[in-house]
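Heads up: the structure comes next, in structure tokens.
The values are calculated or read from the model by the stated rules, or taken from the named source; none is laboratory data. As the structure is a computational prediction, the values presented were derived from the model and not from experiment. Every residue, glycine as well, gets a Cβ built from its backbone with ideal geometry; the counts of neighbours run over all protein chains shown.
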Amino acid sequence: MNKQDNIDDEISDSMKAIKQKMEYFISILNELNKMTTSHYIKFEIVNLSTLLDEAIRGVKARIIDKNIAWSGKVNVSIDKTIEIEIDRNQMYEVFVNIIKNGIEAQDMEGNISVIVNAQNEDVIISIQDTGCGIEEYDNDYILDQGITSKQDSGGTGFGLSNAHLFINNHSGDLSWDSTPGEGTVMKIKIPKRQINER
Ligand SMILES: Nc1ncnc2c1ncn2[C@@H]1O[C@H](COP(=O)(O)OP(=O)(O)OP(=O)(O)O)[C@@H](O)[C@H]1O
Ligand SMILES: [Mg+2]
């Protein structure tokens, strides 16, 4: 390899590093934008099964975008007739962020299970992975903005805090059960209908 090749390699490495940083800042700005515009809510009746299918396609696109070679599946168990009154964009983001977290927590062949249970007034969507789990001491922090264990792969730490904000906008609730080394189930509970529309 001659001197010019070395210089070219160094330039191309610096360009790659700059590109990575730019992409990281753009994703932070993107997440901040979603947060600051989260009060623009448009409730509409949506078929939950259709929205989950769209979100799963959205996750796959984001995973490909991040060059993650994931070969698992998302298995959904749902009554396909369930309709809920939601802001479609916000709940789409909730599902994408939480399913993506599950995929990132486990082996690249690991599957995700989404189980939907409808009750009288509410619907509970459980998103289960068999990944690394969440350590006891992290439970208090994972909803905070900017908290991430994925610094090396461009994680912003805004995914879950935005999901939480959007669920709250629906008068819903986000909870989880996790066992370190075994996996996590994230539970989203939202009312089927919005009684006090803002
Ligand atoms: N299913 C999960 N299993 C294990 N850890 C999780 C899970 N979901 C979230 N976490 C932990 O919570 C942190 C915060 O999640 P959050 O979605 O807010 O940010 P992120 O995934 O790191 O970044 P981004 O969402 O921008 O890609 C994660 O970095 C991870 O450590
Ligand atoms: Mg995330």
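Does at least one position in the range 75-90 carry a residue that is surrounded by 21 or more Cβ atoms within 10 Å (Cβ to Cβ), hydrophobic (A, V, I, L, M, F, W, C) and not in a strand (DSSP E or B)? No, the range 75-90 contains no residue that is surrounded by 21 or more Cβ atoms within 10 Å (Cβ to Cβ), hydrophobic (A, V, I, L, M, F, W, C) and not in a strand (DSSP E or B). For the range 1-35, the set of residues classified as modelled with pLDDT under 80 and closer than 30 Å to residue 166 by Cβ consists of 35 only. Taken over the range 61-82, residues that are free of Cβ contacts under 8 Å to residues at least 40 places away in the same chain and in contact with a strand residue (DSSP E or B) (Cβ under 6 Å, 6 or more places away or on another chain) amount to 3.
Among the residues of the range 30-41, some residue qualifies, meaning at least one is exposed (fewer than 11 other Cβ atoms within 10 Å of the Cβ), within 21 Å of residue 147 (Cβ to Cβ) and free of Cβ contacts under 8 Å to residues at least 40 places away in the same chain. Scanning the range 143-198 for residues that are within 18 Å of residue 48 (Cβ to Cβ), within 15 Å of ligand 1 (Cβ to nearest atom) and either among the aromatic types (Phe, Trp, Tyr) or buried (at least 18 other Cβ atoms within 10 Å of the Cβ) (or both) yields a count of 6.
Here residue 150 clears all of (1) within 27 Å of residue 86 (Cβ to Cβ); (2) without any contact (Cβ under 8 Å) to a residue 60 or more places away in the chain except the condition numbered (1).
Yes or no: the range 97-120 includes at least one residue that is within 23 Å of residue 50 (Cβ to Cβ), touching a residue at least 40 places away in the same chain (Cβ under 8 Å) and surrounded by fewer than 18 Cβ atoms within 10 Å (Cβ to Cβ). Among the residues of the range 97-120, at least one is within 23 Å of residue 50 (Cβ to Cβ), touching a residue at least 40 places away in the same chain (Cβ under 8 Å) and surrounded by fewer than 18 Cβ atoms within 10 Å (Cβ to Cβ), which makes the answer yes. So, residue 182, is that one away from ligand 2 (no atom under 16 Å from the Cβ) and farther than 22 Å from residue 56 by Cβ or not? Answer is yes for this residue.
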